[in-house]
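Note sheet for the following structure.
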Amino acid sequence: QVHLVESGGGLVQAGGSLRLSCAASGTFFGINTMRWYRQAPGKQRDLVASITNGGSTNYADSVKGRFTISGDNAKNTVYLQMNSLKPEDTGVYYCNADIAPTILTRRTYTYWGQGTQVTVSS
């Protein structure tokens, strides 16, 4: 029905940059909010950034000033530009979205992507 697919992860040195992408595919009416989470091995999954379909953004304190979340409503795609990367940014980054399946549906459902690995070396 609905799938979220992340891409853009990889290995980068501290101070470097990466851009992650998440595309929503399938049949649905609209996306209310898209988010990026990350999870380090053995750690819980934490919210990194979010963006609404109106363009309002929020960031975790640990990434403010370094990461930028943006979206393309027409393409149902969200991006995460990550600059000045630190080793503690290492983890699997997951895309998350609140989606209304149809125009008649009165609730949204939360979907998760499979994740993309980001590794920052010192």
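In nanometres, what is the gap between the two model label sites at Thr105 and Val5, each 7 Å from Cα along Cα-to-Cβ?
Using points 7 Å along Cα→Cβ, the separation is 2.0 nm.
Quick one: pull the percent of accessible area on the chain belonging to carbon and sulfur, 1.4 Å probe, ligands and nucleic acids left out. Working shown, then result.
Numbers: 3150 of 6730 Å².
Summing carbon and sulfur atoms, their accessible area is 47 percent of the total for the chain.
For the range 1-91, with equal point scatterers placed on the C-alpha atoms only and solvent neglected, what are the log10 I(q)/I(0) values from the Debye formula at q = 0.19, 0.23, 0.25 1/Å, to two decimals?
Here the Debye-derived log intensity ratios amount to -0.91, -1.24, -1.39.
Taking the mean number of other Cβ atoms within 10 Å as a proxy for protection, how do you rank 104-111, 50-57, 74-81, 89-96 from highest to lowest?
Working: 104-111: 11.6, 50-57: 13.9, 74-81: 17.9, 89-96: 21.4.
Output ranking for 104-111, 50-57, 74-81, 89-96: 89-96, 74-81, 50-57, 104-111.
Pulled fully out, how much extra length does the chain show between Lys43 and Lys75, if you take 0.36 nm times their separation in residues and subtract their Cα-Cα distance? Please report the intermediate quantities before stating the final value.
Numbers: separation 32, 0.36 × 32 = 11.52 nm, distance 3.21 nm.
Net length gain for the segment: 8.3 nm.
Using θ = phi - 60° and the Karplus form 6.51 cos²θ - 1.76 cosθ + 1.60, what ³J(HN,Hα) does each residue of the range 72-89 get, whole Hz, x for Gly and Pro?
Ordered by residue, 3J(HN,Hα) equals 10, 4, 5, 9, 6, 10, 10, 10, 10, 8, 10, 10, 6, 5, 10, x, 6, 7 Hz.
The values are calculated or read from the model by the stated rules, or taken from the named source; none is laboratory data. Note that this is a predicted model, so its numbers are computed, not measured. Neighbour counts run over all protein chains shown; Cβ positions are idealised from the backbone, glycine included. Note: accessible area is taken over every heavy atom of the protein model, side chains too, but ligands, DNA and RNA are not part of it. Shrake-Rupley method; radii C 1.70, N 1.55, O 1.52, S 1.80 Å.
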